[in-house]
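Working notes, beginning with the structure itself.
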Amino acid sequence: MASTQPGADAHIEPLTHSDYSDGDSGYDEKTLSTASLRSSIYQYEKENGRLYHAFKAGKYMLPNDEAEQERMDIHHHALNVALGDRLFFAPLENPSSVVDIGTGTGAWAIDVADAFPSAYVLGTDLSPIQPTYVPTNLEFQVADMDDPWDMDNRFDLVHSRNLHFNVKSWPKFYEETFRSLRPGGWVENLEFDLEFASDDNSLPANGPSVKWCHLMNEGFTKLGTDGRLYPDRMKQQMTEAGFINTQVIPVKMPIGAWPKDKKLREGGRWFLVGILEGISGLSVRLFTQVLGWTMEEMELLLMEARNEMKQKKIHSYCPYYAVLGQKPPEPKDHS
């Protein structure tokens, strides 16, 4: 299954020098002109020029201001392009109820609500930053995933994407998920490992991009979470929670427009845009509050990392993994 997916765990063929046109750049300023409808924002904390959510203030290390929302939407689009608009890997043809935990701007939930108009779709998040005008079958709620969910036997699919920075305990997450799913329902976590890589060793092991990853992971470790992702361990934790048919599907998300494959190249272009524009917001709280860096020290490293990421001779990617499991179906009545 994994080998047939765009960006799966196989070598991604890069463009050769002759494939490039003079106008083809991995980072185009024009691609930043995206537009979206968003609801009015309630209350925020302001630090270092960035806004952070007010609900359970300080729990989430990333901002939720307009710039961060733009980054989330860009990376959602990048994943959609690279995955061929596949919304989930779980073998569900027509789910009737779906919940997106940590929905962010709600982009994925909106896409699912549009794709399955007869389904009820719920998106939950700490921040009420989702659009006002959404499909009628979609609802957003402010909620903390660490609190009891109180949604027993309700959903066909429990989904998360880019959530693992905020998961204190995957076993607890899977316990809540198991209770929330109907028999036969699926859980799917599409999460990334904050450890950029390259198959051809074109990414310098001691360069600024790798250094940034290591420092981010160090900061998250000090907070009691982990920037690194361990999909096989997550799969085992699903099994221990009672799930069956567990599996891990690896996906390589290119950083930049270097792949020869058209979809991966376009997805990588957008992914790079999101990193270049969002890396400061991703870093500022961890670097200044946890690691003790000054803003000037941080921005110097980020400038070096941005410059490295824009080099098309570097064929780097961000490892993603879809981790899936199924709640056992109800036994068939043979009477």
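The values are calculated or read from the model by the stated rules, or taken from the named source; none is laboratory data. What you are looking at is a predicted structure, and each value in this text was computed from that prediction instead of being measured. Positions of Cβ are generated from backbone atoms using ideal geometry, with glycine treated the same way; all protein chains shown enter the neighbour counts.
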- Query: Could you list, in sequence order, the residues of the stretch 173-184 that are within 22 Å of TYR320 (Cα to Cα) and either modelled with pLDDT under 95 or among the aromatic types (Phe, Trp, Tyr) (or both)?
  - Reply: PHE173, TYR174
- Message: For LYS168, only one of the following conditions fails: (1) in a loop (DSSP other than H, G, I, E, B); (2) in contact (Cβ under 8 Å) with a residue 12 or more places away in the chain; (3) within 30 Å of ASN94 (Cα to Cα); (4) not β-branched (Val, Ile, Thr). What is its number?
- Response: (3)
- Message: Is it the case, given these coordinates, that GLU297 is surrounded by fewer than 18 Cβ atoms within 10 Å (Cβ to Cβ) and touching a strand residue (DSSP E or B) at 6+ places or on another chain (Cβ under 6 Å)?
- Response: no
- For the stretch 135-159, pairs from a residue that is on the phi > 0 side of the Ramachandran plot to a residue that is modelled with pLDDT of 95 or more and not hydroxyl-bearing (Ser, Thr, Tyr), with Cβ under 6 Å and 6 or more apart or across chains, are ASN153/ARG182
- Filtering the stretch 272-316 down to residues that are small (Gly, Ala, Ser) and modelled with pLDDT under 95 yields GLY274, GLY278, SER280, GLY281, SER283
- Within the stretch 111-164, strands (runs of 3 or more DSSP E) holding 1 or more residues that are farther than 17 Å from GLU176 by Cα and of a type in the set (A, V, I, L, M, F, W, C): 120-125, 138-142
- Message: Conditions first: (1) of a type in the set (S, T, N, Q); (2) within 30 Å of GLN311 (Cβ to Cβ); (3) in contact with a His (Cβ under 8 Å, 6 or more places away or on another chain); (4) crowded, with 18+ Cβ neighbours inside 10 Å. ASN189 passes all but one, so which condition is the exception?
- Response: (2)
- Test for SER169: is it surrounded by 20 or more Cβ atoms within 10 Å (Cβ to Cβ) and among the small types (Gly, Ala, Ser): no
- Residue within the stretch 173-182 that is under 22 Å from ALA143 (Cα atoms), touching a Phe, Trp or Tyr at 6+ places or on another chain (Cβ under 9 Å), in a strand (DSSP E or B) and not β-branched (Val, Ile, Thr) present: yes
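Rundown of residues vs (1) β-branched (Val, Ile, Thr); (2) under 19 Å from the mean Cα position of the chain (by Cα); (3) under 17 Å from ASN153 (Cα atoms); (4) modelled with pLDDT of 90 or more, yes/no style:
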{"position": "ALA109", "(1), (2), (3), (4)": "no, yes, no, yes"}
{"position": "ASP114", "(1), (2), (3), (4)": "no, no, no, yes"}
{"position": "LEU122", "(1), (2), (3), (4)": "no, yes, yes, yes"}
{"position": "SER127", "(1), (2), (3), (4)": "no, yes, no, no"}
{"position": "PRO135", "(1), (2), (3), (4)": "no, no, no, yes"}
